[in-house]
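Here the structure comes first, spelled out in structure tokens, and everything after it is commentary.
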Amino acid sequence: MRAVSNPPNPWLSAEVEYLEGEPPGARLEVYEDHTREILSSNDSPDVGFTWSVNPYRGCFHGCAYCYARPSHEYLGLGAGTDFDRKITVKPDAARLLREAFERRSWKGELIVFSGVTDCYQPLEASYRLTRGCLEVCAEYRNPVGIITKAPLIERDIELLVELQARARVSVSVSIPLWDRDHAHALEPYVATPQRRMKTIERLAQAGLDVGVNISPMIPGLGDSAIPAILEAAAQAGARRAGFVFLRLPGSVAKVFEERLRETLPLGADRIMNRIRDARGGKLYDARFGLRGQGQGNYAEAARALFDATARRLGLDRQCIGSDERDTFTRPGRGCQLPLL
């Protein structure tokens, strides 16, 4: 599969056009970000957590639908191939997280890995930035939520079990598609859906709180797979399930449609029409409450199918971040007393 081209970056005054009309194959480029902060805050009512850690920016998985792609444009890069192959790492992530935990203002709130890109993407195998941050969370007994598609998380099962003994830990594995060919078309560098389901099973067998995310639910492609995914997840030991409707903000729409028409040409028109049906005739609606749900009969039917199946299988439990236990402590100082 060739690399997806970059849509024009709205923040730049110039762009490059290839004379032959075909972008060259893209090689992986890794950049270091020596930022002074590692915690990101979020105030969106559509997101169930406030604080997140992103050890990486950009993602090798190359998922065509990734809503985070436009974040690369703020770096002066593109939302397409650049997002997939020009990846920034934060080598000081663990140290910065420890410094954040030592501030008097930090109260031990839930931290989610990650709000932007997959914290267990392939670079994590060698950089171990996510693992380093989780070791800090275990040291300070800080609650953690993890969202990933990568079986690489299995490497850290022992660490996660140790952390769970000290604080709240939950893992959500994203499986939006069940058909292997469909998944490879839109998530080209991710493990197969069936392999990800094995990850759910292994996390559950270790006693970890694990769930499945049908995120994003792709209209005309992922809706028919909802029962199969949830049934397989329940059998694997998942305790809960999440659902997020496809979001195509900004340049993501162009990346998604280009990949869709290249890899699944026969169904492309039908899928794009279904997306518009669920977005009031548009490809995206940014309004809170609607951007992750969709609207209209089609969107409501897909959500109803998810809700009914999740209830039948006992997967309609509280989602990530629902436990408010206060476990945070600073090493060597015992329980923390409120400042007077």
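What's the extension gain from GLU37 to ARG195 if we count 0.36 nm per residue and subtract their Cα-Cα distance?
Here the answer is 53.4 nm.
Order these by the 10 Å Cβ neighbour count, fewest first: ARG180, ARG36.
Lowest to highest Cβ neighbour count: ARG36, ARG180.
For the stretch 31-101, rounded, prolate or oblate, judged on the Cα gyration tensor with a ≥ b ≥ c (square roots of eigenvalues), a/c < 1.5 rounded, else prolate if a/b > b/c?
Judged from the Cα gyration tensor, the stretch 31-101 comes out oblate (a/c at least 1.5, b/c at or above a/b).
Give me the one-decimal nm value for the distance between modelled label points at GLU300 and LYS107, 7 Å along each residue's Cα-to-Cβ direction.
In this crude label model, GLU300 to LYS107 measures out at 3.9 nm.
Which number gives the lysine pairs in the stretch 29-243 that have C-alpha atoms under 28 Å apart and are eight or more places apart or on different chains?
Going through the stretch 29-243 pair by pair, I get 4.
Assuming 1.002 mPa s and 20 °C, estimate D for the stretch 29-243 with Stokes-Einstein, Rh taken as the Kirkwood radius over Cα pairs, in µm²/s.
The estimated diffusion coefficient comes to 122 µm²/s.
Could you tell me what percent of the DSSP beta bridges with both partners in the stretch 29-243 are antiparallel, to the nearest 5?
15
Can you give the FRET efficiency to the nearest 0.05 for ASP179 and GLU99, using r as the Cβ-Cβ distance and R₀ = 51 Å?
According to the calculation, E is roughly 0.70.
If every alpha-carbon in the stretch 225-295 counts as one equal scatterer, what log10 I(q)/I(0) does Debye give at q = 0.14, 0.15, 0.20, 0.23 1/Å?
-0.57, -0.64, -0.92, -1.01
Which log10 I(q)/I(0) values, to two decimals, does the stretch 81-172 give at q = 0.12, 0.16 Å⁻¹ under the Debye formula with one point per Cα?
-0.36, -0.64
By average Cβ neighbour count within 10 Å, what is the ranking of 188-197, 136-145 from highest down?
Result, highest mean Cβ count within 10 Å first: 136-145, 188-197.
How high is the relative contact order of the stretch 33-188, in percent, with contacts defined as C-alpha pairs under 8 Å that are six or more residues apart?
It comes to 24 percent, rounded to a whole number.
Round to a whole angstrom and tell me the spacing of the C-alpha centers of the stretch 78-141 and the stretch 183-241.
23
Each reported figure results from applying straightforward, stated rules to the coordinates on display, with no laboratory input. Just so it is clear, the model here is predicted, and its values are computed rather than measured. With ideal geometry, Cβ positions are generated from the backbone for all residues, glycine too; neighbour counts draw on all protein chains shown.
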